[in-house]
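So the structure is just underneath, and the comments pick up after that.
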Amino acid sequence: MKTTGLILILLLSLLFPSAATSQDRCVDAEGEALISGNDIPSARTEAIARARWSAIEQVVGTEVKAQSIVQNFVLVDDAVKTQIGGVIKGFKLLGQDVKNDIISVKINACVEPSKAREAVSSLALNNAIAVFITARKGDAPQEYADTNIVSESLIGKLTDQGYTVIDVAPTQALEAAEIDRAVRTGSTLTVRGLMYKFLSNLLIIGTIDHTVSTRRGEKIGYGVAMPFNNVTVRFNYRIVAKNTRTGQMEILTAGTGQGRGMAPALEDALAKGMADLFERIHPAIMERVAQYIRGSTKKVKIDIKGVKDLDTNLDIKGVLTNLVWVTEVEDKRLGEFVVGYPENTLYLANSLQQKGMFKVINFSPFSLSLEYLK
């Protein structure tokens with residue numbers, strides 16, 4: 001009887017593996033690094049770190065690669081250690097190849113998808129704005145344009161203000177009908193999926209439809225025919241953001257708008273209606289985005305070793321002031337500054353190191369320690 005029970009348990013364990021095991025996904029990934037000073041072990045470590053990132057990106061399915069945002073290996077490796085602990089359950093080195101001072105490695109890594117999504121999301125640029133606004137084409141009831149006047153004009157306004165903008169529509173990440181449902185029903189799954197995919201903590205999502213009130217040539221009485229097409233354009237949208245303190249998604253605002261256009265050609269009337277719509281709705285959208293950015297800004301203390309004189313201090317303050325997303329710079333004393341920064345401090349550290357003037361010694365969410373390279 002006991003033997004039968006043990007066999008049954010074994011069969012059940014084979015048929016229904018534990019939830020933790022079934023959640024892990026094992027993938028092959030590759031990474032490479034430059035061998036500097038004939039130090040192959042260090043280069044191998046760097047290549048493996050990049051391969052681990054590649055494995056995480058495969059599982060999460062991100063369109064914006066982490067390595068394209070954080071280029072410096074030390075910062076990438078620190079992020080792996082501090083922000084994605086437990087994501088990779090284990091990995092096996094499958095092989096390596098050294099050629100022309102480049103080492104390439106191949107690994108098989110087992111990744112837990114749910115933790116990977118959280119990790120990638122935590123590394124997201126707080127102010128990278130993803131814009132996905134679909135618009136119905138002409139008279140076609142189920143055909144949507146990848147780009148339109150409203151989305152292009154809004155992206156232009158945002159980039160003029162210095163925001164990093166990801167235009168989601170051309171990637172065809174989601175069908176327009178799915179986006180339409182997300183806007184109308186507030187589907188958090190669809191929105192969350194877009195945020196993970198494009199490493200964005202702020203998403204402007206909307207759909208545009210139109211109706212033709214009167215068509216050119218249409219009789220309007222007394223033998224008079226309408227000389228223009230008269231089009232009304234309607235817009236439903238939501239702005240969704242990740243709360244930087246709680247990590248939860250929240251709807252910053254939801255709204256509607258409409259515009260009108262008249263022209264002899266239907267396409268021209270629709271274009272004029274879209275242009276009119278944009279002029280009506282973009283001030284409210286821009287203001288809400290700005291409010292979110294202001295509310296996300298935090299103070300970061302920066303200590304820079306090796307600053308000996310006032311001129312150098314002023315030069316460094318100028319460098320800090322011109323960094324993307326830095327909102328303010330206050331100098332406390334030689335080599336000591338406090339800056340306003342709304343993004344992950346990891347990106348501030350990386351931006352400074354990429355200048356070639358500094359070496360990052362240490363960083364935390366609210367402080368940076370650097371060495372000034374003369």
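Read the figures in this text as sums done on the coordinates, not as results from a lab. Nothing here was measured: the structure is a model prediction, and the numbers come from that model. Note that each Cβ is placed from the backbone with ideal geometry, even for glycine, and that neighbours are counted across all protein chains shown.
For region 329-374, the calculated P(r), taken from all Cα-Cα distances in 10 Å bins from zero up to the bin holding the longest distance, is 25, 63, 12 percent. Taking the average, over residues, of other Cβ atoms within 10 Å as the packing measure, peptides 313-320, 360-367 rank 313-320, 360-367 from highest down. Give me D for region 195-303 in µm² s⁻¹, whole number, from Stokes-Einstein with Rh from the Kirkwood sum over alpha-carbon pairs, 25 °C and 0.890 mPa s. This corresponds to a translational diffusion coefficient of 147 µm²/s. Straight-distance candidates among the aspartates and glutamates for linking to residue 106, with alpha-carbon spacing under 18 Å and chain neighbours fewer than 8 residues away dropped: 28, 30, 32, 46, 57, 77, 97. For residue 308, the lysines whose Cα falls under 19 Å of its own Cα, not counting residues fewer than eight places away in the same chain, are 317, 332, 359, 374. With a Cα-only, solvent-free Debye model of region 299-373, what are the log10 I(q)/I(0) values at q = 0.22 Å⁻¹? Here the Debye-derived log intensity ratios amount to -0.94.
Cross-link reach is defined here as a Cα-Cα straight distance under 20 Å, omitting same-chain residues fewer than 8 places apart; for residue 157 the aspartates and glutamates meeting it are 146, 167, 276, 279, 287.
With the highest mean first, a sort of the peptides 152-163, 48-59 on other beta-carbon atoms found within 10 angstrom per residue produces 48-59, 152-163.
Give the dimensionless ratio obtained when the Cα radius of gyration of region 199-249 is divided by 2.2 N^0.38 Å. Expressed relative to 2.2 N^0.38 Å, the Cα Rg reads 2.14.
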